[in-house]
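Student: This is the structure I have questions about; it appears just below.
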Amino acid sequence: MELIGAMLPFIVIMGLMYLLMIRPQQKKAKETQNMLSSLKKGDSVVTIGGLHGIVDEVVEANNTVVIDCEGIYLTFERRAIARIVTKGETATATQTEELGTNTPEDSVDGE
């Protein structure tokens, strides 16, 4: 009985460590893995180095991602992606505005 009384605080401390430290870390790792496995072309992402870009290609064979950073294509390991900013449909949808044509209209002079 004395042995159980001596071991009880140790067991309680180990249980608290699991609940407060190990379990949240496992949950975060699982969320990160799900995020990385859901990467697809057109997603707007940020790398662990702070580089912003749009996913151009996901290579499953060697776990790499090709990112378009304003016309410069860079290849990263998949685990180098820190977060997905926007998903594919909203990331590639760019608004175009009507700029008109470069042909002269009727001049004001009446020519």
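Values quoted throughout were computed directly from the atomic coordinates according to the rules given, and no laboratory measurement underlies them. As the structure is a computational prediction, the values presented were derived from the model and not from experiment. Neighbour counts are summed over all protein chains in view; Cβ atoms, including those assigned to glycine, are modelled from backbone coordinates with ideal geometry.
Student: Got the relative contact order for the stretch 40-92 handy, in percent, Cα pairs under 8 Å and 6 or more residues apart?
Tutor: With pairs under 8 Å counted, the relative contact order is 42 percent.
Student: Also: Please find the FRET efficiency linking Glu77 to Leu19, where r is the Cβ-Cβ separation and R0 is fixed at 30 Å, and quote it to the nearest 0.05.
Tutor: 0.40
Student: Something else now. Can you compute the modelled spin-label distance between Lys27 and Glu57, with each label point 7 Å from Cα toward Cβ, in nm?
Tutor: Spacing of the two 7 Å Cα→Cβ label points: 3.9 nm.
Student: Compare the peptides 67-76, 35-44, 19-28 by average per-residue count of other Cβ atoms within 10 angstrom and give them in order, highest first.
Tutor: Averaged packing, sorted descending, gives the order 35-44, 67-76, 19-28.
Student: With only alpha-carbon pairs counted, each pair once and no self-pairs, how large is the Kirkwood hydrodynamic radius of the stretch 29-77 in angstroms?
Tutor: Here the Kirkwood hydrodynamic radius works out to 11.0 Å.
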